[in-house]
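The values are calculated or read from the model by the stated rules, or taken from the named source; none is laboratory data. Just so it is clear, the structure is predicted and the values come from calculations on it, not from any experiment. Methodologically, a virtual Cβ is constructed for each residue, glycine included, from the backbone with ideal geometry; neighbour enumeration extends over all protein chains shown. Keep in mind that these areas ignore ligands, DNA and RNA; they rest on the heavy atoms of the full protein, side chains included. Shrake-Rupley method; radii C 1.70, N 1.55, O 1.52, S 1.80 Å.
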Amino acid sequence: MRTGTAATRQTVSQAWSPVLTAAGVEGQELGRQILALAHQVAVHSLSGPLTDPGREAEDKVALARRLFTGTVDERVVDLLSAMVRGRWSKAVDLVSALHDLGIEAILAGAHADGSVKQIEQQLFEVHEQIADNRELREALTPSRRTSTEARVRLVEAVFAPHISAPAMSLVDWCMRHHAEGGPLRNLRRVVELAAEMRQRTIVDVVTAIPMTLAQEERLRTILERRLGTKVDLNCEVDSAVIGGVRISTRNYVMDRTVSSAVAELRTRLAG
């Protein structure tokens, strides 16, 4: 039986889902507000008081309403109220859950108005531009030399004129949220969630030389049959693989390259 964080997440998700569905395109604004609220909870160390198991549930609800009523949509206040009524294994789990719900809301709202594919593409392009620009990538990497807000201001100056407001909200979250892999990993995670919203899977394909269009189409057909979803190929060329192909998704990896075979042989010989 689920308890603590898992149980609360499940209960809140079940109650929030019909609200989000009814919100339609407004989900984008609700999501933006949820992420902003999560940021306030984190920076002002509110997750402790809002999840304190020693406090009565209605006391925590009253605190949440006192802090946020009038500053965010009432539906967001109701969501937070439902969350603080539950039990959390760790205080930080409340912030993590708010992050997930905020991202989900923005993508659901974008799905409702048909813009989720555009947001996915914009976030993917942001990811690629940061990955390919060493100076920008280093400037946006968490460091003691710069504050989080300075990095957010920088990324907004670079990308806000070129992408939609909902996409920019997600990019801001990717800069603020500290996780292993940093902003690039956060961006990739959101891109994958957007693809899932469209019932598609992003597959990374690395080869030593570029594939032809016919080869890409054959590979896409094979992968769609195996994965059971439509597939978007992200093809890269890396001479280090020598030959063959490396294919990976969040849940699936197939490495049939010469370099991997050589590495495996060396391991066996060493053993």
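Residues of region 197-217 with an amide N closer than 16 Å to a point placed 7 Å from the Cα of VAL237 along the Cα-to-Cβ direction: 205-216. Annotation: amide H-H contacts under 5 Å for LYS230 (H modelled 1.01 Å from N, sequence separation of 5 or more, or interchain): THR201. For region 1-115, the carbon plus sulfur part of the accessible surface works out to 52%, probe radius 1.4 Å. In the chain, the DSSP-assigned H stretches of four residues or longer account for a calculated mean residue ellipticity at 222 nm of -21000 deg cm²/dmol, using -39500 (n - 2.57) per stretch and the full residue count as denominator. Placing a pseudo-label 7 Å from each Cα along the Cα-to-Cβ vector at VAL92 and GLN118 gives an inter-label distance of 3.7 nm. Label point of HIS162 set 7 angstrom out along Cα-Cβ; within region 110-135, amide nitrogens under 20 Å from it belong to 116-135. Using r as the Cβ-Cβ distance of ARG55 and LEU154, and R0 as 51 Å, what FRET efficiency do you calculate, to the nearest 0.05? Working from the Cβ atoms, E equals 0.85. Backbone phi angles across region 170-185, fed through the Karplus curve with coefficients 6.51, -1.76 and 1.60 (θ = phi - 60°), yield HN-Hα couplings of 6, 5, 4, 4, 4, 6, 7, 7, 8, 8, 4, x, x, x, 5, 5 Hz in residue order; Gly and Pro are listed as x. Once the Cβ-Cβ distance of THR69 and VAL19 is raised to the sixth power relative to R0 = 25 Å, the FRET efficiency obtained is 0.90. Local charge for ALA131 was computed over the other residues whose Cβ lies under 10 Å away, with Lys and Arg +1 and Asp and Glu -1, and equals +1.
Extension gain, GLN129 to LEU227, is 32.4 nm, computed as 0.36 nm per intervening residue step minus the present C-alpha separation. Extension gain for SER147 to ALA62 (0.36 nm times residue separation, less C-alpha to C-alpha distance): 27.3 nm. Largest accessible area first, the listed residues SER248, SER89 line up as SER89, SER248 when surface is computed with a 1.4 Å probe on the assembled protein chains.
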